[in-house]
Amino acid sequence: MDSTTAFDVDDLDQAVKAFRELGFVVLQNAVPLADLDKIEEELGEAQNKLINGQLDDRYGTELLDEPGATFEGEPFRHYVINCTELSATALSIAKSSLLKTFANAVFDRSDCWLNDYARFGVVYQDSRTDEGSKYSRIGWHADYNSDEGSKAWPGFAFTIHIDPTSAANGFLRVVPGSHKIEVHKDEIGSWAFDHVQGEVPVFADRGDIILHDYRLWHAAARGTADGLSGRRRHVRGSWYAGERYAPDHGIGTFYKNASR
């Protein structure tokens with residue numbers, strides 16, 4: 001792991017400094033393995049229930065999860081939204097003092113907040129490179145593109161890695177420093193999966209948390225392995241420093257410019 005972008009959880013000052021400069025960092029070994037095991041169990045069960053029609057519609061989405069996905073010929077769901085309502089362990093990590101401390105330091109305020117109730121809440125994502133998969137990669141975008149008029153910004157996304165990432169199961173692609181550059185959302189979206197000058201790969205081990213700025217250009221590479229070897233699971237959500245969403249906000253505006 002690159003020592004300029006990966007930090008121990010007890011070195012948050014340097015992590016904050018790097019985040020402000022580059023737009024992303026990796027917090028290494030940030031989640032205890034026992035907690036990861038529990039998250040994997042709780043959200044794997046929730047995913048199965050969603051696939052089998054045993055969960056309320058509020059935990060599924062056709063905006064992110066296109067209908068018709070299959071894995072090994074069987075119906076499949078790649079996303080479980082509002083997943084912290086289904087996993088107490090995922091909620092405890094998402095709202096942890098570690099992430100709150102980081103958010104308060106990055107945005108230089110004390111009232112940053114976790115969005116675990118509006119839009120998609122905190123999301124469990126399961127990428128597969130199976131022939132019937134509807135989610136194996138994501139094209140270039142910045143999270144800000146999805147709702148540029150929101151008063152909740154600024155913010156950052158956190159990704160809790162259940163599986164380590166590699167060429168086999170896919171990995172994050174970022175352009176360091178791009179959070180400081182203004183580019184129209186449709187131009188970013190038009191790049192799809194193309195190589196972008198200055199991009200770098202970002203890999204994570206099981207239990208790492210990747211944090212990235214809401215304006216950072218990023219994409220996810222498709223894995224090279226099919227089946228379970230190409231599985232990439234993580235829990236993703238956001239902390240904000242702007243106005244809180246109303247309790248009844250729902251999904252609200254969502255501009256989907258990232259290619260799938």
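Here, each number is a calculation from the coordinates, and none is a lab measurement. Computed from a predicted structure; not experimentally measured. Neighbour counts are summed over all protein chains in view; Cβ atoms, including those assigned to glycine, are modelled from backbone coordinates with ideal geometry.
A few comments on the model shown:
- Structure remark: mean-square fluctuation, Gaussian network model of the chain, C-alpha springs under 10 Å; the largest value among GLN125, GLN14, GLN54 belongs to GLN54.
- Taking the fewest neighbouring Cβ atoms within 10 Å as the starting point, the ordered list for HIS179, HIS141 is HIS141, HIS179.
- Orientation-averaged projected area, Cα convex hull of the range 129-183 (nm²): 5.6 nm²
- Stokes-Einstein diffusion coefficient of the range 190-247, Kirkwood radius over Cα pairs, 10 °C, 1.306 mPa s, in µm²/s: 107 µm²/s
- Sorted peptide list for 187-197, 128-138, 243-253, 42-52, criterion being average Cβ within 10 angstrom, highest first: 128-138, 42-52, 187-197, 243-253
- Each 5 Å bin, from zero up to the one with the longest distance, holds this percent of the alpha carbon pairs of the range 92-143: 4, 15, 15, 19, 18, 14, 9, 5, 2, 0.
- Approximate spin-label separation ASN104-GLU131, in nm, with each point projected 7 Å along Cα-to-Cβ: 5.4 nm
- Pairs of lysines in the chain whose Cα atoms sit within less than 30 Å of one another amount to 28, provided the residues are eight or more positions apart or on different chains.
- For the range 47-87: rounded, prolate or oblate by the Cα gyration tensor [a/c cutoff 1.5]: prolate
- The length gained by stretching the chain between ALA192 and GLU243 to full extension, at 0.36 nm per residue less their Cα-Cα distance, is 15.2 nm.
- Calculated P(r) tail over 29 Å for the chain, as whole % of Cα pairs: 24 percent
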